[in-house]
Amino acid sequence: MVLEVAQSDGLLELTLARPDALNSFTVELHEELATALKQARRDEVRALVITGAGRAFSAGQDLEETQTQEITPGERLRRFYNPNIRSIVELPKPVIAAVNGVAAGAGVSLALACDLRIASAKASFVPAFASIGLIPDSGMSWLATRLVGYSRAFDWITSSRKLSAAEALEWGLVNEVVEPAAVLERARQRAEELAGQPGNAVAMTKRLLRSALEVSLGEQLELERQLQQAASEHPVYAERVAAFLAKQPARTG
């Protein structure tokens, strides 16, 4: 197995486990990731953490494998990368990337597809595609543009510039930078906080914020209306309101 999967108390943790190859992607890793992302949809899973083993998060595609397989780049994206990126983005659960080291190429795309990114102070982010004559893929063009804007994304991706963790934080590519020994624990902590939120509010909020990037104000207002109605019908809402009101002083007059 090249993907370690651990589940406990509503938290599913996935570790890319090819440390000697900087956790670069192979067909085997894609297939195991796809299976794990299906597991993440189960009701008992409330949040997902993705990290890498060893000193890298992921160096992107294993280029040695491309020399031994008769799969075109476009076919590889269609069959493996794109379905997994979509599964993460569309997963109705919070996904936190614990970026423990270098993320390059599609490894950057994987991190950007997550909802939050907690980075080690030793992490770095390298688009890498332009340096070998390729264009960004695995959702990088869509994700990076939305996170940092067109001009900054264009400059970064076309130059293959290596961003430090501190620069990534300044740009808004990551949410927090912590000491290397603390990155996974902090990601788990954030995942547990999100998993502990009542009802389905976090999942619905993720859906709303993703939608907001694509639709008109009128469409977004209607989706908010629909999801707010659904959220208000969850038993936890009535319970929390009753508990709040019970703590309020009685009104007079």
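The values are calculated or read from the model by the stated rules, or taken from the named source; none is laboratory data. Keep in mind it's a predicted model, so treat the numbers as computed, not measured. Ideal geometry is used to build each Cβ from the backbone, glycine not excepted, and the neighbour counts take in all protein chains shown.
Key figures
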read-out: Single condition residue 39 does not satisfy, out of (1) within 28 Å of residue 10 (Cβ to Cβ); (2) crowded, with 20+ Cβ neighbours inside 10 Å; (3) not charged (D, E, K, R); value: (2)
read-out: Positions within the range 1-56 being of a type in the set (Gly, Ala, Ser), outside any helix (DSSP H, G or I) and more than 13 Å from residue 87 (Cβ to Cβ), in sequence order; value: 6, 8, 10, 17, 24, 47, 52, 53, 54, 56
read-out: Neighbours by Cβ (under 6 Å, 6+ apart or cross-chain): first from the range 110-132, over 11 Å from residue 169 (Cα atoms) and among the acidic types (Asp, Glu); second at pLDDT 95 or above and not in a loop (DSSP other than H, G, I, E, B); value: 115/95
read-out: Output for the range 189-199, where each listed residue is in contact with a helix residue (DSSP H, G or I) (Cβ under 8 Å, 6 or more places away or on another chain) and surrounded by fewer than 16 Cβ atoms within 10 Å (Cβ to Cβ); value: 198
read-out: Residues within the range 110-155 that are in contact with a helix residue (DSSP H, G or I) (Cβ under 8 Å, 6 or more places away or on another chain), within 14 Å of residue 56 (Cα to Cα) and part of a helix (DSSP H, G or I), tallied; value: 1
read-out: Neighbours by Cβ (under 7 Å, 6+ apart or cross-chain): first from the range 66-82, over 13 Å from residue 139 (Cβ atoms); second modelled with pLDDT under 95; value: none
read-out: Count of residues meeting criterion [aliphatic (A, V, I, L, M), within 15 Å of residue 33 (Cα to Cα) and touching a strand residue (DSSP E or B) at 6+ places or on another chain (Cβ under 7 Å)] in the range 58-90; value: 1
read-out: Any hit, the range 113-132, residues being closer than 24 Å to residue 202 by Cβ, hydroxyl-bearing (Ser, Thr, Tyr) and modelled with pLDDT of 95 or more; value: no
read-out: Single match in 120, 151, 138 (criterion: on the phi > 0 side of the Ramachandran plot and in the same structural domain as residue 188 (by TED's automatic domain parsing)); value: 138
read-out: Count - residues of the range 60-85 that are in a loop (DSSP other than H, G, I, E, B) and within 16 Å of the chain's Cα centre (by Cα); value: 1
read-out: Those residues of the range 86-109 which are of a type in the set (A, V, I, L, M), within 15 Å of residue 47 (Cα to Cα) and not in a helix (DSSP H, G or I), in sequence order; value: 91, 95, 96, 97, 98
read-out: Residue, farthest from residue 73 (Cα to Cα), within the range 129-158, restricted to residues that are of a type in the set (Phe, Trp, Tyr) and surrounded by fewer than 18 Cβ atoms within 10 Å (Cβ to Cβ); value: 150
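Rundown of residues vs (1) outside any helix (DSSP H, G or I); (2) farther than 23 Å from residue 116 by Cβ, yes/no style:
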site	(1), (2)
197	yes, no
202	no, no
206	no, no
210	no, no
219	no, yes
224	no, no
227	no, no
230	no, yes
